[in-house]
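Engineer: Below you will find the structure I want to go over with you.
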Amino acid sequence: MFANLPKFNDRNYIHFVTAKTFENHSYFEEDKCCSILLDELDFYRKRLGFKVLGYVVMPEHLHCLIFWDVDEYPKLTISKIMMGIKGYSAKLIIEHLGKQGQLPLPTREGENKLHRRQWKHQIWQAGFYDFNIYTEKKFHEKLNYIHNNPVTAGLCEAPEDYQWSSCREIIGIDENPVFKIDFL
């Protein structure tokens, strides 16, 4: 679905990004899978130099607001960012679910480590949705949408009740969040 949409690489904007799981599978109902995803988001943020201004991990998708300085990182693209996050988080989630007996992993005799080309499982849907945010009003609209997504989905009563979102940190009630966002 998202694979055929254009990828906007104008790095002067904040990117509102949505990545969905393959066949809308609810991998992120499990806390460990959420932790893996946020760890990879943090790893690539540090490695590539972008900022995460807000996020929510829903059972079957991720929304995040991403920004970087075009002068400091002129070759960075949203496609490169998402390829890193989705690629390695998928590998780790497959390994985790395989160890839990929730996902049968293919094996080869005599090999302890699987190469990704041998995997028969897919965590993420191909591609992603990217929307460029170019006004403060649109930024707040998308951030509110992200934080209210769990309420709309019936996962909690109020945005600040949901553990896998940046809401609690932004409103100042969580000093030790699962994932620390960046502020502009």
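All of the numbers you see were taken from the coordinates with simple rules; none came from a lab. Please read these numbers as outputs of a predicted model, since none were measured by experiment. We place every Cβ from the backbone using ideal geometry, glycine too, and count neighbours over all the protein chains shown.
Engineer: Using a basic spin-label model with each label point 7 Å from the Cα along Cα→Cβ, how many nm lie between ALA158 and ASN132?
Structural biologist: Going from the ALA158 label point to the ASN132 one covers 3.8 nm.
Engineer: Express in whole angstrom the spacing between the alpha-carbon centres of region 74-100 and region 45-63.
Structural biologist: That distance is 12 Å.
Engineer: What does the highest-first list of 129-140, 29-40 look like by mean Cβ count within 10 Å?
Structural biologist: Descending packing order for the listed peptides: 29-40, 129-140.
Engineer: Just need log10 I(q)/I(0) for region 14-170 at q = 0.11, 0.12, 0.21 Å⁻¹, Debye formula, equal scatterers on the alpha-carbon atoms, no solvent, rounded to two decimals.
Structural biologist: -0.46, -0.55, -1.42
Engineer: Report, by chain and number, residues whose modeled amide H sits under 5 Å from the one on LYS51, excluding near sequence neighbours (fewer than 5 apart, same chain).
Structural biologist: Under 5 Å from the amide H of LYS51 lie the amide H atoms of PHE67, TRP68, each far enough along the sequence or on another chain.
Engineer: Kindly state, to the nearest 0.05, the FRET efficiency for LYS91 paired with LYS180, given R0 = 30 Å and r defined as their beta-carbon distance.
Structural biologist: About 0.80, to the nearest 0.05.
Engineer: Still on this model: Across bins of 5 angstrom width beginning at 0, how are the C-alpha pair distances of region 22-97 distributed, in whole percent?
Structural biologist: Answer for region 22-97: a P(r) of 3, 15, 27, 25, 15, 9, 4, 1, 0 percent.
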